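Some notes on the structure that comes next.
Values quoted throughout were computed directly from the atomic coordinates according to the rules given, and no laboratory measurement underlies them. Since we're looking at a predicted model, the values are computed, not measured. Cβ coordinates were reconstructed from backbone atoms using ideal geometry, including for glycine residues, and neighbour counts include every protein chain displayed.
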Amino acid sequence: MDKQVYITEEERVKCQKVADAFAELYEMEKIVVLDTGRYGFVEQKYYKPPHGFEDAITFTDSLALFEDLWKEWLNTKLYLMAKGTPLLEKGYKGVFESLSEEKQSELVVSKADFAKKAEIYL
């Protein structure tokens, strides 16, 4: 019986570059991205002992993985900026809109920086 392959070798290489580009995210948040061979890449989020990760998502497309990790990185940054303040009640969008234009621009430019590291073309 032939084994089903869910990700092409080309996409596997691209996904690894994306996973590597977001290494700082794994230090900031309880998230890990793992190469699961023929199944693709699995993003595991929100580790809670003793049961493990609360969420796991499988990716076989590097652009989809990039967009998901970008959203996680941005939301984590916004949370850390607003932590301990009433800004958190506004949600991530509200936190972002309350930032100075300079800080908003800095965060938006970060997406291009990650894309460059990951060799993703948006």
**Complete:** Residue by residue through region 101-110, the couplings from Karplus 6.51 cos²θ - 1.76 cosθ + 1.60 with θ = phi - 60°, in Hz, x for Gly and Pro, are 4, 4, 5, 4, 4, 4, 5, 5, 5, 4
**Percent RCO, i.e. relative contact order, over the chain, from Cα pairs under 8 Å lying at least 6 residues apart** = 27 percent
**Asked** If Lys and Arg each add +1 and Asp and Glu each add -1, what is the summed charge of the other residues whose beta carbon sits under 13 Å from the beta carbon of residue 45?
**Response** -3
**Asked** With +1 on each Lys and Arg Cβ and -1 on each Asp and Glu Cβ, how big is the dipole of the chain about its Cα centre, in debye rounded to the nearest 20?
**Response** 220 debye
**Prompt:** By how many nm would the segment from residue 26 to residue 80 lengthen if fully extended, with 0.36 nm per residue of separation less the alpha-carbon distance?
**Reply:** 18.0 nm
**Item:** Calculated over region 9-118: convex hull of Cα atoms, volume per residue (Å³)
**Value:** 106 Å³
**Message:** For the pairs 3/111; 17/93; 48/111; 14/83, flag any whose C-alpha to C-alpha distance is greater than 31 Å.
**Reply:** 3/111; 14/83
**Asked** By its C-alpha gyration tensor, with a ≥ b ≥ c as the square roots of the eigenvalues, how is region 13-67 shaped: rounded for a/c under 1.5, else prolate for a/b larger than b/c, else oblate?
**Response** oblate
**Complete:** Simple spin-label estimate for residue 101/residue 9, 7 Å along Cα→Cβ, in nm, reads 5.0 nm
